[in-house]
Amino acid sequence: MSVVRIDHVSKDFRLGEQTVHALHDITLAVEPGVFLAISGPSGSGKTTLLNLIGCIDKPTRGKIFVNDQDVSALSANQLSDLRAHSIGFIFQTFNLLPVLSAAENVEYPLLRRADITPEERKRRVDYFLDIVGLSKYANNRPNQLSGGQRQRVAIARALAVKPSIVLADEPTANLDKVTGREILKLMKQINRHLKTTFIFSTHDQKVIDHADRLVQMEDGSITAFGVRNGKTWNLARVRSLPEDDDGDVSE
């Protein structure tokens, strides 16, 4: 069983009179519990692919399955419900609400879940703030926290819904090297402890060094798949890139 399955997916955008071909015929399966990095230069299509996996956007062609459910034809409300139950998000800009405390930011995505009682919300907030080492900062607002602490709040918020998948878009981009390594180490520990699938969009070598699976992209296509073997990668190259046409490629 794959936690994510992408079947011949392409994504086009309209930019004025021009069609932008962001993704070309992507096929990919992601196993449960992996720590996967999708790498590539700016404009390679990795963020577009992450947004499709996260049900933020829909493919132009092809199908996407999350936990064996075909999400390609779901309504906006159905996709919102799926995200609320199954997908956590971590962004490079943290995306915390400045007027809320750390605890309230972690609780926020749980408020639309009718199946979670106030007592359970409190338990989850306390538990995940403890996991990321921020229990004593529960009442601090984002402007009272360092960049690394804010990213830890974002990680706790993503985990609070108990998702099967956590998607992280360049999560270390706004952090210094030391803090970035600490955050990656923390996410790797969570991955091993909770068996949560992590999928990263990144061009940061530090993220790739922590991953156990690798997808390399260029010009909207997958160019290689990798499986870590100790400190080295076993890379399988994919077919050559499509010929350039009338559209640029968007990240």
| task | Towards the positive end of the charge dipole of the range 118-251, with charges on Cβ (+1 Lys, Arg; -1 Asp, Glu), say which of Pro118, Thr179, Trp233 has the farthest Cα. | result | Pro118
| said: Need one number: nm distance between label points at Gln78 and Phe13, each 7 Å from Cα along Cα→Cβ, rounded to one decimal. | reply: 2.6 nm
| Short version: what are the Cα gyration tensor semi-axes of the chain, square root of 5 times each eigenvalue, largest first, in whole Å? | 31, 21, 17
| Principal-axis tilt of helix 147-160 within the chain, Cα atoms, nearest 10 degrees | 90 degrees
| task | Using the Cα centre as the reference, give the magnitude of the dipole from point charges on the C-beta atoms of the range 87-240 (Lys, Arg: +1; Asp, Glu: -1; all else neutral), rounded to the nearest 20 debye. | result | 380 debye
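Tyr127 to Asp57: extension gain in nm, 0.36 nm per residue of separation minus the Cα-Cα distance? Can you show the working numbers first?
Numbers: separation 70, 0.36 × 70 = 25.20 nm, distance 3.13 nm.
Here the answer is 22.1 nm.
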| query | If each of Gln189 and Val99 carries a label point 7 Å out from its Cα toward its Cβ, how far apart are those two points in nm? | reply | 3.5 nm
| request: Treat each spin label as a single point 7 Å out from the Cα along the C-beta direction, and report the His85 to Thr117 distance in nm. | output: 2.0 nm
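Grab the DSSP H runs of the chain that are 4 residues or longer, score each as -39,500 (n - 2.57), total them, divide by all residues and round the 222 nm result to the nearest 500 deg cm²/dmol.
Numbers: 7 runs with 77 residues, N = 251.
It comes out at -9500 deg cm²/dmol, rounded to the nearest 500.
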| task | Please state the charge dipole magnitude for the range 1-143, taken about the Cα centre, from unit charges on C-beta atoms (+1 on K and R, -1 on D and E), reported in debye and rounded to the nearest 20. | result | 260 debye
| task | Compute the long axis of helix 118-131 from its Cα atoms, compare it with the longest principal axis of the Cα atoms of the chain, and write down the angle in degrees, 0 to 90, nearest 10. | result | 70 degrees
| field | Centre separation in Å (Cα based) which lies between the range 149-187 and the range 52-91 | value | 21 Å
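Values quoted throughout were computed directly from the atomic coordinates according to the rules given, and no laboratory measurement underlies them. Here the structure is a predicted model, which is why all the values come from computation and not from measurement. Cβ atoms come from the backbone with ideal geometry, glycine included; neighbour counts cover every protein chain shown.
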